[in-house]
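**Student:** I have a structure here, written as structure tokens, and I will follow up with some questions on it.
The values are calculated or read from the model by the stated rules, or taken from the named source; none is laboratory data. Everything numeric in this text was worked out from a predicted model, so none of it was measured. Heads up, the Cβs are rebuilt from the backbone with ideal geometry, glycines too, and the neighbour counts pull from every protein chain shown.
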Amino acid sequence: MAFDSLSDKLQNIFKNLRGKGRLSESDVKAALREVKMALLEADVNFKVVKQFVKSVEERAIGQDVMESLTPGQMVIKIVNEEMIKLMGSETTEIALKSGSEITVIMMAGLQGAGKTTTTAKLAGKFKAQGRKPLLVACDVYRPAAVEQLKINGEKQGVPVFAMGTNQNPVDIAKAGIEHAKSNGNNIVILDTAGRLHVDEDMMTELQNIKSSVGVDQTILVVDSMTGQDAVNVASSFDEKIGIDGVILTKLDGDTRGGAALSIKAVTGKPILYAGMGEKLSDLEQFHPDRMASRILGMGDVLSLIEKAEAQIDADKAAEMEKKLRKAEFDFNDYLEYMGQIKNMGGLGSIMNMLPGMGFAGKIKTDGVDMDEAEKNLKRTEAIILSMNNAERSRPDILNPSRKNRIARGAGVDISEVNRVVKQFEQMKKMMKQMPGMMKQFGGKKGRF
Ligand code: GDP
């Protein structure tokens, strides 16, 4: 999982700091030495680490941290702020022209970085924003790339312009842009060819495209799992062709985070998006502040809320909250609630983002198996589906003979049915104690 090992280490260091009533200068220095080691082990660029630790130390020791009521928290706050700065401070949007004017985006990157997949993911994002993207297959170097782009474009409902692999990429790009003009597309995304390593041919090809068709944005796709290599690749591309921003792929599998933490600081170019999985929906806008809080284990509450907002109907959530208040919450609502959890990517992904929950991998080591939890969710669903309407809306009528019938219907033991009923009662109780919870899931920002 993203940043797991770095996150674990930093959280341990901070746990020690938090535990102390007062901090001496040497406490801070010792903690920062450990932070330095953790960052180096995470494959963060050496110079970046040095500068980072220096900035934190200056602020932590210079300020009134030692006098502060909670000095440990103060240090964590400074680390958090410096980490946000390191990753670019602000969220950077891809600059697009307005209206029907065409923005040409050139995607570049090494083979295997995830360029073709990311190109289709990005097109999906633009489409969702009401734009009209056209994908153009300029990767004539890898024959399967054209096909892959076509398939992914179709999945995203985005048109793909291709001319096979026997044409010059510059000609394909030009023809693609003409095609966009006559078909009302206002974004053209050029999928270009990568190579296994940074090489002259590739750079020349990209320079040619860039100088011939008026590229507005050059976006580099790099594999975050390659750590410092990704940073070096970004530097080379920026030197040779000039890039406007970076998309980091495979962050879902990057336990160290070295690329995410160094790229902006080394190249000066912002990280625009992060690839979080193989599915075409797995692309997240890169928010430095949220990333920092993920790394520091504060949980990515904002991302969770945004995800929930996209998936859950706010009216429904409000309605559910009203029911809860009036204690009308029944098994039908419970079923719907579980459906919403599923829509949000399952328990694992939610646990990951909740503060205090740490990451799924960590939860596993603490003894809770997420797979098992997901299975439980499915079993619970099967049990509720085996209930009739009266039982779902009035759980108090569930006597042993009804429970037996439900257990048979769901293919489970009666003890499982008892477990679900108990769980339901607990949840009802918990939710009554937490007014506002459903509304938070349903839409109001900043209420977490
Ligand atoms: P290209 O050669 O750069 O065009 O790379 P592809 O788009 O073909 O991707 C290479 C592999 O990486 C494929 O198996 C993708 O499914 C996978 N991939 C791409 N982005 C991500 C990501 O964000 N997370 C994960 N886990 N896999 C990814």
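**Student:** If residue 240 passes every condition in (1) touching a strand residue (DSSP E or B) at 6+ places or on another chain (Cβ under 9 Å); (2) over 25 Å from residue 10 (Cα atoms) but one, which one does it miss?
**Tutor:** Exception for residue 240: condition (1).
**Student:** Another one. When residue 134 is evaluated against the numbered criteria (1) in contact (Cβ under 8 Å) with a residue 40 or more places away in the chain; (2) outside any strand (DSSP E or B); (3) away from the ligand (no atom under 16 Å from the Cβ); (4) assigned by TED's automatic domain parsing to the domain that holds residue 276, which criterion, by number, is the only one it fails?
**Tutor:** Of the numbered conditions (1) in contact (Cβ under 8 Å) with a residue 40 or more places away in the chain; (2) outside any strand (DSSP E or B); (3) away from the ligand (no atom under 16 Å from the Cβ); (4) assigned by TED's automatic domain parsing to the domain that holds residue 276, the odd one out for residue 134 is (2).
**Student:** Every residue in the range 2-46 that is within 22 Å of residue 227 (Cα to Cα), touching a residue at least 40 places away in the same chain (Cβ under 8 Å) and surrounded by fewer than 15 Cβ atoms within 10 Å (Cβ to Cβ), please.
**Tutor:** Across the range 2-46, the qualifying residue is only 41.
**Student:** While we're here: If residue 94 satisfies all but one of (1) modelled with pLDDT of 95 or more; (2) within 16 Å of the ligand (Cβ to nearest atom), what's the number of the condition it fails?
**Tutor:** Among (1) modelled with pLDDT of 95 or more; (2) within 16 Å of the ligand (Cβ to nearest atom), residue 94 violates only (2).
**Student:** Same structure again: Which of the residues spanning the range 180-207 are closer than 14 Å to residue 169 by Cβ and part of a loop (DSSP other than H, G, I, E, B)?
**Tutor:** 192, 193, 194, 195
**Student:** For the condition assigned by TED's automatic domain parsing to the domain that holds residue 280 and surrounded by 18 or more Cβ atoms within 10 Å (Cβ to Cβ), what is the one hit in 111, 148, 129?
**Tutor:** Working: 111 fails: surrounded by 18 or more Cβ atoms within 10 Å (Cβ to Cβ); 129 fails: surrounded by 18 or more Cβ atoms within 10 Å (Cβ to Cβ).
After ruling out the rest, the residue left standing is 148.
**Student:** With the structure loaded, tell me whether residue 154 is surrounded by fewer than 16 Cβ atoms within 10 Å (Cβ to Cβ), in the same structural domain as residue 235 (by TED's automatic domain parsing), more than 23 Å from the chain's Cα centre (by Cα) and within 16 Å of the ligand (Cβ to nearest atom) or whether it fails that test.
**Tutor:** On the way: surrounded by fewer than 16 Cβ atoms within 10 Å (Cβ to Cβ): yes; in the same structural domain as residue 235 (by TED's automatic domain parsing): yes; more than 23 Å from the chain's Cα centre (by Cα): yes; within 16 Å of the ligand (Cβ to nearest atom): yes.
Yes; evaluated as a whole, the condition is true for this residue.
Let's see how each residue does on (1) touching a Pro at 6+ places or on another chain (Cβ under 8 Å); (2) surrounded by 15 or more Cβ atoms within 10 Å (Cβ to Cβ); (3) small (Gly, Ala, Ser); (4) at pLDDT below 90:
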{"position": "346", "(1), (2), (3), (4)": "no, yes, yes, yes"}
{"position": "350", "(1), (2), (3), (4)": "no, yes, no, yes"}
{"position": "369", "(1), (2), (3), (4)": "no, no, no, yes"}
{"position": "378", "(1), (2), (3), (4)": "no, no, no, yes"}
{"position": "383", "(1), (2), (3), (4)": "no, yes, no, no"}
{"position": "417", "(1), (2), (3), (4)": "no, yes, no, no"}
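**Student:** Looking at 22, 18, 33, 59, which is the one that is modelled with pLDDT of 90 or more, out of contact with any Ser or Thr (no Cβ under 6 Å at 6 or more places or on another chain) and either more than 21 Å from residue 291 (Cα to Cα) or not aliphatic (A, V, I, L, M) (or both)?
**Tutor:** On the way: 22 fails: modelled with pLDDT of 90 or more; 18 fails: modelled with pLDDT of 90 or more; 59 fails: modelled with pLDDT of 90 or more.
When all the criteria are applied, what remains is 33.
**Student:** Across the range 267-287, which residue is nearest to the chain's Cα centre (by Cα) among those that are under 23 Å from residue 128 (Cα atoms) and more than 15 Å from the ligand (Cβ to nearest atom)? Show your work before the answer.
**Tutor:** Step one: list which residues in the range 267-287 are under 23 Å from residue 128 (Cα atoms), which gives 270-287.
Okay, now just the ones that are also more than 15 Å from the ligand (Cβ to nearest atom), so 270, 287.
On the way: 270: 16, 287: 9 Å.
Among those residues, the one meeting the criterion is 287.
**Student:** Restricting to the range 140-151, and then to whatever is more than 14 Å from residue 118 (Cα to Cα) and either within 23 Å of the chain's Cα centre (by Cα) or not in a helix (DSSP H, G or I) (or both), can you tell me which residue is nearest to the ligand (Cβ to nearest atom)?
**Tutor:** 142
**Student:** Could you tell me whether residue 164 is surrounded by 18 or more Cβ atoms within 10 Å (Cβ to Cβ), at pLDDT below 95 and in a loop (DSSP other than H, G, I, E, B)?
**Tutor:** Values: surrounded by 18 or more Cβ atoms within 10 Å (Cβ to Cβ): no; at pLDDT below 95: yes; in a loop (DSSP other than H, G, I, E, B): yes.
When the stated conditions are applied, residue 164 does not pass them.
**Student:** Identify the single condition in (1) in a strand (DSSP E or B); (2) more than 16 Å from the ligand (Cβ to nearest atom) that residue 127 does not satisfy, given that it satisfies every other one.
**Tutor:** With (1) in a strand (DSSP E or B); (2) more than 16 Å from the ligand (Cβ to nearest atom) applied to residue 127, the lone miss is (1).
**Student:** Being of a type outside the set (Ser, Thr, Tyr) and on the phi > 0 side of the Ramachandran plot narrows it down to one of 157, 124, so name that one. Show your work before the answer.
**Tutor:** Working: 124 fails: on the phi > 0 side of the Ramachandran plot.
When all the criteria are applied, what remains is 157.
**Student:** Continuing with this model, one more query. Within the range 170-178, can one find any residue that is crowded, with 17+ Cβ neighbours inside 10 Å, modelled with pLDDT of 95 or more and in a loop (DSSP other than H, G, I, E, B)? Break it down into steps so the answer makes sense when it comes.
**Tutor:** So in the range 170-178, the residues crowded, with 17+ Cβ neighbours inside 10 Å come out as 172-173, 176-177.
Restricting the remaining residues to those that are modelled with pLDDT of 95 or more gives 172-173, 176-177.
Add one more test, that the residue is in a loop (DSSP other than H, G, I, E, B), and what stays is none.
Checked the range 170-178: no residue is crowded, with 17+ Cβ neighbours inside 10 Å, modelled with pLDDT of 95 or more and in a loop (DSSP other than H, G, I, E, B).
**Student:** Checking the structure you have, find out if any residue of the range 100-117 is in contact with a helix residue (DSSP H, G or I) (Cβ under 9 Å, 6 or more places away or on another chain) and more than 16 Å from the ligand (Cβ to nearest atom).
**Tutor:** Yes.
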